1. What do you get for the angle between helix 71-88 and the principal long axis of the chain? Use alpha-carbon atoms, 0 to 90 degrees, nearest ten.
2. What range in the chain is the longest one free of chymotrypsin sites (Phe, Trp or Tyr not before Pro) that are in a loop by DSSP and have at most 16 other Cβ atoms within 10 angstrom?
3. Using a 1.4 angstrom probe on the protein heavy atoms only, could you order 164, 95 from most to least accessible area?
4. How are the alpha carbon pair distances in segment 111-179 distributed across 10 Å bins from zero to the largest one, expressed in percent?
5. Have a look at 26, 160, 141 and report the one farthest towards the positive end of the charge dipole of the chain, computed about the Cα centre with Cβ charges (Lys/Arg +1, Asp/Glu -1).
6. Mind counting lysine pairs for me in the chain? Cα separation below 28 Å, and the two need to be 8 or more apart along the chain or on different chains.
7. Just tell me the longest site-free run in the chain, where the sites are GluC sites (Glu not before Pro) in a DSSP loop having at most 16 other beta-carbon atoms within 10 Å.
8. Compute from the Cα atoms of segment 40-165 the Rg and the Dmax, the latter being the longest Cα-Cα distance, and quote both in angstrom.
Amino acid sequence: MFIQTEATPNPATLKFLPGKIVLETGTAEFRDETEARAASPLAARLFGVPGVTGVFLGYDFITVTKDSADWQHMKPAILGNIMEHFMSGQPVVASGALAGSDQPEEGEFFNEGDETIVATIKELLDTRVRPAVAQDGGDITFKGFRDGVVYLNMKGACSGCPSSTATLKHGVQNLLRHFVPEVQEVEAVM
């Protein structure tokens with residue numbers, strides 16, 4: 001098994017490409033070991049590497065976020081854990097752990113009557129923004145729309161990335177304003 005690694009715009013995050021499908025649909029983000037142990041054998045293994053603070057699973061990639069530890073020391077252990085996991089035959093996520101991941105995100109908000117605008121925003125995010133952001137090992141999901149402001153949740157390599165503000169303001173905001181005149185601003189939320 002050959003696992004490629006790619007740098008991301010976030011220096012605290014590396015993208016790992018195992019050459020296999022990681023998640024058939026959706027994404028999954030884990031920010032602590034307890035959460036990972038309950039939902040994903042792969043993420044739990046990765047949290048066993050000292051310095052790992054986050055694991056994000058995409059269609060064909062895994063991004064790992066670290067604390068102040070050095071990639072030079074962490075990378076071999078991460079690669080070994082990814083390889084061991086795929087060789088073990090265990091599932092990436094526990095059965096039913098991501099149930100409902102195709103449903104709208106919990107806590108979405110927008111005013112009644114804005115359904116058409118929100119549908120257009122979501123379509124633009126799904127077709128134009130998310131594929132580009134996935135290239136950098138992250139994801140952006142819709143959280144809400146109110147008073148001309150679109151609220152987005154940044155995940156994976158995008159979460160905490162120094163260039164995420166530029167991505168939001170100059171990339172996503174300009175795109176949405178161009179296609180959806182009602183959009184005035186874009187803000188990141190947790």
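1. Tilt relative to the chain: about 80 degrees.
2. On the way: sites that count: 2, 59.
Between exposed loop sites, the widest span is 60-190.
3. 95, 164
4. 20, 57, 21, 2
5. 160
6. The result is 21.
7. In short, 25-104.
8. 17.1, 53
The values are calculated or read from the model by the stated rules, or taken from the named source; none is laboratory data. Just so you know, these numbers come straight off a predicted model, no measurement behind them. So basically every Cβ, Gly included, is an ideal-geometry build from the backbone, and we count neighbours across all protein chains shown. Areas reflect the complete protein model, heavy atoms only, side chains present, ligands, DNA and RNA absent. Shrake-Rupley method; radii C 1.70, N 1.55, O 1.52, S 1.80 Å.
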